[in-house]
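Structure, as structure tokens:
The values are calculated or read from the model by the stated rules, or taken from the named source; none is laboratory data. Only a predicted model underlies this, so the values are computations on that prediction, with no experimental measurement involved. Glycine also receives a Cβ, built like all others from the backbone with ideal geometry; neighbour counts cover every protein chain displayed. For the accessible areas, the whole protein counts, side chains as well, though only heavy atoms, and no ligand, DNA or RNA atoms are used. Shrake-Rupley method; radii C 1.70, N 1.55, O 1.52, S 1.80 Å.
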Amino acid sequence: MVLIASAPTFSHGVHPADQKARSATEPIGRMPFVREYSVPLRQHIGAASEPIVAVGDIVQRGQLIAKRASFVSTNQHAPVTGRVKAIETRPHPSGVSVRAIVIESDPFSSQQMGASGPRSDQALADSVSDAGIVGMGGAAFPAHVKLSVPEGRTVDTLLMNGCECEPYLTCDHRIMLEHPTAVLEGTAMIQTALGAKASVIGVEQNKSDAADVLRAASKGSVSVAQVAVKYPQGAEKMLIKAVLGREVPVGKLPLDVGVVVHNVGTAFAVHEAVRLGKPLIERVVTVSGPAVSQPRNLWVPIGTPICDLLAFVGLDQLDQYIVISGGPMMGQAQKNLQAPVVKGMSGILVFPAAHQATKEYPCIRCGRCLDACPMFLNPTRLWLLTRNRDIEALNQHHVQACFECGSCSYVCPSHIPLVHAIRMGKKLVREAQV
Amino acid sequence: MSKLLLVSSPFVRDERNTPQLMRDVIGSLVPILIMSMWVFGVIALLMVAVTGATAVVTERLVTSKRSLHDGSALLTGLLLGFVLPPGLPLWMGALGSAFAVGLGKAAFGGLGANIFNPALLGRAFLQAAFPEAMTTWVAPQMGFWQLPERSLAWPLMGSHVDGISAATPLGGFKFQGLTTDLSEMVVGTTAGSLGETATWLLVLCGLWLALRKAFDWRLPVSTLFSVALLSWVLHATVPERCADPMTMLGSGGLMFAAVFMVTDPVTTPVTAKGMWLFGFGTGVLVVLIRSFGGLPEGVMYAVLLMNAVTPWINRFTQPRVFGGLA
Ligand code: SF4
Ligand code: SF4
């Protein structure tokens with residue numbers, strides 16, 4: 001592998017089949033409006049948003065309906081014009097029910113957004129915060145937090161993440177292809193806000209068409225770095241290593257090596273917010289997976305129930321299927337398809353049940369998991385230490401450095417749910433600390 | 001909705017799985033068995049059948065769980081059969097196989113938990129119990145149906161040596177200062193354990209298994225490399241003690257062990273650095289025992305010794321965490 005991979009990358013990692021051809025050439029379509037939306041007050045990392053509407057209120061598409069509760073929190077906007085039907089606990093793709101604003105859409109509305117116009121007069125972080133933008137790559141960290149550089153720190157490089165290393169997902173790919181100028185302008189805005197000297201867009205080699213389009217549109221203002229196709233190339237630390245050769249110290253942030261990483265989808269959303277005054281009320285979702293006969297990339301209003309989205313692509317008999325939000329490596333199986341599409345949801349994948357019929361065998365100590373771990377951890381050991389509840393040793397073996405990429409479980413020939421166990425191990429350590 | 005399946009990520013997996021890896025290794029033993037029958041006749045088939053079957057039966061008797069289908073017990077039995085001298089009484093083979101699986105493996109807690117390579121542990125047991133029978137070698141190509149009388153001897157009776165005994169290439173070198181024709185060692189028409197003589201075939205099987213990713217290539221490569229390097233140096237210094245690198249690589253159980261013993265994931269390190277260390281250590285021990293030890297062959301002890309220090313190697317070769325201090 002080392003010999004073939006001439007493009008820059010990180011060490012270790014895995015090579016799952018990328019399965020992107022299924023939807024990579026599908027232009028982004030539109031999910032039609034449905035009857036009911038549920039906008040969770042928590043679809044980001046940080047404090048839950050505070051509702052500013054009441055049951056019975058009429059809201060217009062794009063109207064602010066919940067305000068960010070603290071610095072690390074986000075605003076929420078109405079994805080449709082309609083009536084607030086309830087503010088109550090509703091299913092959430094995370095599996096835990098979360099308080100949500102439920103809006104019944106007005107079938108007679110034209111679904112025009114309220115006029116707000118460009119917002120170039122205020123600081124970028126404020127516009128982005130107003131628009132309720134979160135990191136679009138999946139982590140859903142409030143974007144404005146990563147637009148202001150803390151006192152005394154400097155950022156020399158803005159790294160835009162266009163890797164999309166999870167198999168099946170093609171939403172970032174399509175955004176780069178269809179909206180290169182918006183991505184580049186958003187990037188330029190973020191770069192200016194951060195005071196970074198340079199910005200680089202990292203794109204995996206399986207999306208070289210997107211890289212070409214971006215390069216042509218940028219006319220040299222932004223550099224485009226092609227990186228090897230390898231999972232998890234899109235993890236912040238791995239991307240920084242591949243493109244800039246810098247290693248983020250364990251337990252530290254990209255900022256500590258002078259870098260901020262944003263997703264290309266976030267750049268697009270930032271551009272929309274600033275140029276058009278459009279809040280984050282919809283996102284591109286890839287609907288794919290072996291059970292989906294016609295995979296799509298779709299603009300989907302936030303709050304759309306997953307079952308409605310699946311019905312739209314022709315899937316309504318979902319007994320004995322596995323429905324995943326996100327990619328197949330790090331995504332989450334859904335237990336209730338009433339859960340809505342949220343801001344950080346890049347894909348909905350459907351797998352037939354037989355797919356997961358695997359039997360666990362004893363660990364044969366083959367070392368494949370060590371060779372796969374991009375963080376250079378010892379997953380088989382962490383798994384054992386978790387079973388023994390050995391907190392001290394878990395700490396010594398840097399269990400907290402695991403970012404749950406799943407590469408170890410992917411390669412394990414004995415099908416041991418390593419990342420699942422390590423997740424528990426991290427939890428044990430966290431609980432022991434409080 | 002209640003019928004949606006809840007499972008945790010990742011939802012895709014590499015195709016290789018453990019029983020499949022075992023099957024690959026077992027499959028690669030088939031051509032070796034055929035070759036062995038060509039060299040030593042039908043006794044090869046009998047011995048391997050006896051050790052294989054004993055291993056499977058033993059596992060069924062000593063373990064409560066039905067762990068048979070992972071194929072590891074069968075593999076242990078087969079491997080043991082191939083490292084025994086042709087003409088060894090079959091009952092000894094059966095005993096060794098029962099020991100390998102019952103004590104070498106199951107007593108440690110089954111697949112994955114044992115420290116020592118179970119097949120080699122079985123062989124070491126036989127060597128200790130029946131030193132004479134284990135070091136008596138029949139000449140190759142005595143005729144296909146030729147069965148040494150002692151092969152079928154009843155337990156504890158008549159294990160006297162009959163037939164024509166021959167010297168292995170390493171024994172010949174050690175005790176008589178003889179060198180064996182390299183071409184014979186490559187083709188496999190020399191005296192030796194059942195599966196170890198045909199170097200060319202072992203190399204091919206090794207390459208196939210490496211391509212199938214059935215084992216980690218670093219283990220055999222480092223082993224063979226260090227044998228070649230050290231014997232090259234020693235042969236230049238003390239030629240009467242240490243054979244030349246080609247003889248070292250082509251003779252005895254080295255190639256068989258390089259393909260089937262040092263590649264056993266269970267009893268070798270999990271870390272990359274550890275794998276290199278394990279291979280180098282094994283290679284060095286092989287050359288030292290062969291050259292300066294009392295026995296002509298030392299592969300078995302070299303591997304078992306390295307097995308013993310593997311937990312320690314693992315401990316001291318933990319990878320440096322990404323972003324950690326150098
Ligand atoms: S231990 Fe964590 S970081 Fe390492 S491969 Fe497994 S999930 Fe990924
Ligand atoms: S990959 Fe699986 S079988 Fe191999 S060492 Fe890791 S946990 Fe054990």
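Scanning segment B:268-275 finds no residues that are out of contact with any Ser or Thr (no Cβ under 9 Å at 6 or more places or on another chain) and aliphatic (A, V, I, L, M). Within segment A:121-134, residues that are without any contact (Cβ under 8 Å) to a residue 24 or more places away in the chain sit with their Cβ atoms under 9 Å from residues that are assigned to a loop (DSSP other than H, G, I, E, B), at 6+ positions apart or across chains, in these pairs: A:Asp126/A:Arg119.
A single entry from A:Val53, A:Val72, A:Val34, A:Val96 fulfils the requirement of being assigned to a loop (DSSP other than H, G, I, E, B), closer than 25 Å to A:Arg174 by Cβ and either more than 16 Å from ligand 1 (Cβ to nearest atom) or within 14 Å of chain B (Cβ to nearest Cβ) (or both): A:Val34. Selection of helices (runs of 4 or more DSSP H) fully inside segment A:322-434 by the criterion of at least 2 residues being within 16 Å of ligand 2 (Cβ to nearest atom) returns A:368-372, A:379-387, A:407-411, A:418-433. The set of residues from segment A:279-298 being assigned to a strand (DSSP E or B) and of a type outside the set (Asp, Glu) comprises A:Arg283, A:Val284, A:Val285, A:Thr286, A:Val287, A:Ser288, A:Arg296, A:Asn297, A:Leu298. In segment B:15-44, the residue that is farthest from the other protein chains (Cβ to nearest Cβ) out of those that are of a type in the set (Gly, Ala, Ser) and surrounded by 22 or more Cβ atoms within 10 Å (Cβ to Cβ) is B:Gly41.
Can you pull out the residues in segment A:40-68 that are over 15 Å from A:Ile281 (Cβ atoms) and open to solvent by 40 Å² or more (accessible area, probe 1.4 Å)? Within segment A:40-68, A:Arg42, A:Ile45, A:Glu50, A:Pro51, A:Ile52, A:Ala54, A:Val55, A:Asp57, A:Ile58, A:Lys67, A:Arg68 meet the criteria. Just one of the numbered conditions (1) under 26 Å from B:Gly188 (Cα atoms); (2) surrounded by fewer than 23 Cβ atoms within 10 Å (Cβ to Cβ) is not true of B:Pro118: (2).
This table checks each residue for (1) within 16 Å of ligand 1 (Cβ to nearest atom); (2) open to solvent by 50 Å² or more (accessible area, probe 1.4 Å); (3) at pLDDT 95 or above.
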| position | (1), (2), (3) |
| --- | --- |
| A:Phe351 | no, no, no |
| A:Ala354 | no, yes, no |
| A:Glu360 | no, yes, no |
| A:Cys363 | yes, no, no |
| A:Leu370 | yes, no, yes |
| A:Pro374 | yes, no, yes |
| A:Pro379 | yes, no, yes |
| A:Leu382 | yes, no, yes |
| A:Arg387 | yes, yes, no |
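Taking each residue of segment A:371-383 that is more than 7 Å from chain B (Cβ to nearest Cβ) and looking for partners that are of a type in the set (Gly, Ala, Ser) and not in a helix (DSSP H, G or I) with beta-carbon atoms closer than 9 Å, six or more apart or interchain, yields A:Ala372/A:Gly13; A:Cys373/A:Gly13.
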